[in-house]
1. For segment 151-191 and segment 58-95, what is the separation of their C-alpha centers, rounded to whole Å?
2. Considering only the chain, what is the antiparallel percent among its DSSP beta bridges, to the nearest 5?
3. For n ≥ 4 DSSP H runs only, could you compute -39500 (n - 2.57) per run for the chain, divide by its residues and tell me the 222 nm figure to the nearest 500?
4. Each label point is 7 Å from the Cα along the Cα-to-Cβ direction; what then is the distance between the points at residue 134 and residue 190, in nm?
5. From the P(r) of segment 21-123, can you give the percent of Cα pairs sitting at distances over 21 Å?
6. Of all accessible surface on segment 23-72 at a 1.4 Å probe, what whole percent is carbon and sulfur?
7. How large is the charge dipole for the chain, taken about the Cα centre, if only the Cβ atoms of Lys, Arg (+1) and Asp, Glu (-1) carry charge, to the nearest 20 debye?
8. With every protein chain left in place, what is the accessible area per residue of segment 55-140 in square angstrom, probe 1.4 Å?
Amino acid sequence: MWVLGLTGGIGSGKTAASDFFAGKGITVVDADIVAREVVEPGQPAWQAIKEHFGEQALLADGSLNRAWLRDKVFSEPDERKWLESQTHPRIRDSIIRQLQQATSAYAILVSPLLFESGQALLTQHTLLIDVPVDIQIARATSRDQNNADQIRRIIAAQMPRDERRARADDIADNSLGLAELHQQLELLHNSYLLRAASR
């Protein structure tokens, strides 16, 4: 299976892009969704988190208290490393399994940490959805009801924009709007069909 890695910082428009490709019948495996699946109540990673952080890491229904956990790990780097050691291997195993089951012309792995996590190694080609940082902050604060400081912390924890741009095989500019993004993605999709078919 020819796999495209799709990435971009918070608020860049990864979901808009992956929705476009899904609309073309392409199998999309979203690392964020997989990350939620591996920490569902009763899963091994959930059990480890509960034992490590205690009940404060859980909501009344037993699911993770994501807001509390996010604050904790973004303010304490060692805790973030511990959490990633519990979740990343399980996320990787699930992603590989889902990509192997894909039946479309090619498959897409969507991941905000495609390069940082080493998940780019699971792909043959990478596409960055790119916007300037000020647009990231504006979009993410209006969408997630997070404050700008929290969004800046998340951006600071992700790979710098220049480095991400340097590492990506393709870049789609999403600073103008959906119509312009879709135009770029249409051309890229056609090139990916050719690449996948010529393997």
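1. With segment 151-191 and segment 58-95 each reduced to a Cα centre, they are spaced 26 Å.
2. Counting DSSP beta bridges with both partners in the chain, the antiparallel share is about 5 percent.
3. -17000 deg cm²/dmol
4. With each label placed 7 Å out from Cα toward Cβ, I get 3.5 nm.
5. Value for segment 21-123 (Cα pairs over 21 Å): 39 percent.
6. Carbon and sulfur atoms account for 47 percent of the accessible area of segment 23-72.
7. Dipole of the chain, to the nearest 20 debye: 320 debye.
8. Spelled out: the 1.4 Å probe surface of segment 55-140, per residue, equals 50 Å².
The values are calculated or read from the model by the stated rules, or taken from the named source; none is laboratory data. This is a predicted model, so every value here is computed, not measured. Note that we place each Cβ from the backbone using ideal geometry, even for glycine, and neighbour counts take in every protein chain shown. Calculation scope for accessible area: heavy atoms of the full protein, side chains included, ligands and nucleic acids excluded. Shrake-Rupley method; radii C 1.70, N 1.55, O 1.52, S 1.80 Å.
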